[in-house]
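Accompanying notes for the structure given below.
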Amino acid sequence: MKGNILAIETSCDETAAAVLKDGNELLSNVVSSQIDIHKVFGGVVPEIAARKHTEQIRLIVDRAVADSGAEYSDIDAIAVTYGPGLVGALLVGLNYAKGLSISLNRPLITVNHLMGHIYANFLAIAGLKPPFIVLLVSGGHTMLIKALDYMQFEIIGQSVDDSAGEAFDKVARIMGLDYPGGPVIDKLAGKGEEKFSFPRPMYDNGYDFSFSGLKTAVLYFIKDNSGYRKEDICASFQKSIIETLVHKTIKCAEDSKIRQILIAGGVAANSKLRSEMDKYKNRFDIFYPPMGLCTDNAAMIARAGYEKYKRGLFSDLAVDVIPNLGIDKL
């Protein structure tokens, strides 16, 4: 089914818009990041994020349409993230999308942000078909998901406390490193040695994850020791977290007898995660989104929205944001 999807993403601290043609041709993808604003606070401040979205959203959407070479009249549907995420930030995007839906007389498609991360892979991999196991790992979520169909997702395991991305951010803060912590730790780890033995909580205990204890172990190691190199701490911490992610993902795929594995979310850009997963490419088909589509963006929302567009799954204008939306609600 053909159609131009204009998508909007404002779930956290990126104001983003994109135009996707016929489900496979990305005409534009514009992202305005607030990282420099929130960096001084060591994390995202929800009220500031919502205010910045309000300031930026019209400019970003107009630019996405202009960059696409299309006109607003060429748009066939409006897709927008409605959860999970920060309530104030989500409301900015959803309300703007509703306004466009009314003014253009085009259907509104609400998209689950988690589904968007999964569908980032579809923008790079032609002909990708379920079933597959998804490791969705980001600042807000760490999940193992079984996808039996394009719109059917089942959580197999998830973090019982901190997500992997949250653990990266907290350990970076403990060490006095910049926010967001994941890319900084990944870079420093490449210059260090994996010489310290940190725990791997719940390593052989089902498919769920726990990273809070690992974060605490790093905290006490730093308090009780001196003369260490930050690069070695980063390398050792990252090894623990990545080994756990890889071990459980491979076990889940083996037990499910599913050959395809998709990596999704911001931590999918981690070099250690990619290199360790690549060791299993002789046994599994392993896919990652392009680096630029790992973190929050509207292109992935457009691609997920296109799946709903093909099926006529449109939303009523009375729809509201759902900050704690689960993957079972599309």
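Can you spot a residue in segment 82-99 that is free of Cβ contacts under 8 Å to residues at least 40 places away in the same chain and out of contact with any helix residue (DSSP H, G or I) (no Cβ under 9 Å at 6 or more places or on another chain)? Checked against the condition, which is being free of Cβ contacts under 8 Å to residues at least 40 places away in the same chain and out of contact with any helix residue (DSSP H, G or I) (no Cβ under 9 Å at 6 or more places or on another chain), segment 82-99 yields at least one hit.
Conditions tested, residue by residue: (1) of a type outside the set (A, V, I, L, M, F, W, C); (2) surrounded by fewer than 21 Cβ atoms within 10 Å (Cβ to Cβ).
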{"site": "Leu128", "(1), (2)": "no, yes"}
{"site": "Ile133", "(1), (2)": "no, no"}
{"site": "Gly139", "(1), (2)": "yes, no"}
{"site": "Ile145", "(1), (2)": "no, no"}
{"site": "Leu148", "(1), (2)": "no, yes"}
{"site": "Ser163", "(1), (2)": "yes, no"}
{"site": "Ala172", "(1), (2)": "no, no"}
{"site": "Gly176", "(1), (2)": "yes, yes"}
{"site": "Gly181", "(1), (2)": "yes, no"}
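In the set Gly305, Gly312, Gly292, only one residue is crowded, with 21+ Cβ neighbours inside 10 Å and small (Gly, Ala, Ser); that residue is Gly305. Residues in segment 194-211 that are surrounded by 17 or more Cβ atoms within 10 Å (Cβ to Cβ) and among the small types (Gly, Ala, Ser): Ser210 only.
In segment 1-50, of all residues being surrounded by 15 or more Cβ atoms within 10 Å (Cβ to Cβ) and of a type in the set (D, E, K, R), the one that is nearest to Thr110 (Cα to Cα) corresponds to Glu9. Here the strands (runs of 3 or more DSSP E) wholly within segment 125-211 that include at least 1 residues being under 19 Å from Arg274 (Cα atoms) are 132-137, 142-149.
I need the full set of residues from segment 254-313 which are of a type in the set (D, E, K, R) and more than 22 Å from Ile8 (Cα to Cα), in order please.
To start, the set of residues in segment 254-313 that are of a type in the set (D, E, K, R) comprises 254-255, 257, 259, 272, 274, 276, 278-279, 281, 283, 285, 296, 303, 307-308, 310-311.
Matches in segment 254-313: Glu254, Asp255, Lys257, Arg259, Lys272, Arg274, Glu276, Asp278, Lys279, Lys281, Arg283, Asp285.
Scan segment 150-161 for residues that are under 24 Å from Val87 (Cα atoms) and either touching a residue at least 60 places away in the same chain (Cβ under 8 Å) or buried (at least 24 other Cβ atoms within 10 Å of the Cβ) (or both) and report the count. Please lay out each step first, then the result.
First, pick out the residues of segment 150-161 that are under 24 Å from Val87 (Cα atoms): 153, 155, 158-161.
Subset that is either touching a residue at least 60 places away in the same chain (Cβ under 8 Å) or buried (at least 24 other Cβ atoms within 10 Å of the Cβ) (or both): 153, 155.
Counting residues in segment 150-161 that are under 24 Å from Val87 (Cα atoms) and either touching a residue at least 60 places away in the same chain (Cβ under 8 Å) or buried (at least 24 other Cβ atoms within 10 Å of the Cβ) (or both) gives 2.
Test Asn324 against the stated conditions and say whether it is within 19 Å of Ile125 (Cα to Cα), of a type in the set (S, T, N, Q) and modelled with pLDDT of 95 or more. No: the conditions fail for Asn324.
The values are calculated or read from the model by the stated rules, or taken from the named source; none is laboratory data. Since the model is a prediction, treat every value here as computed from it, not as a measurement. When we count neighbours, we look across all protein chains shown, and the Cβ atoms used for this are built from the backbone with ideal geometry, even at glycine.
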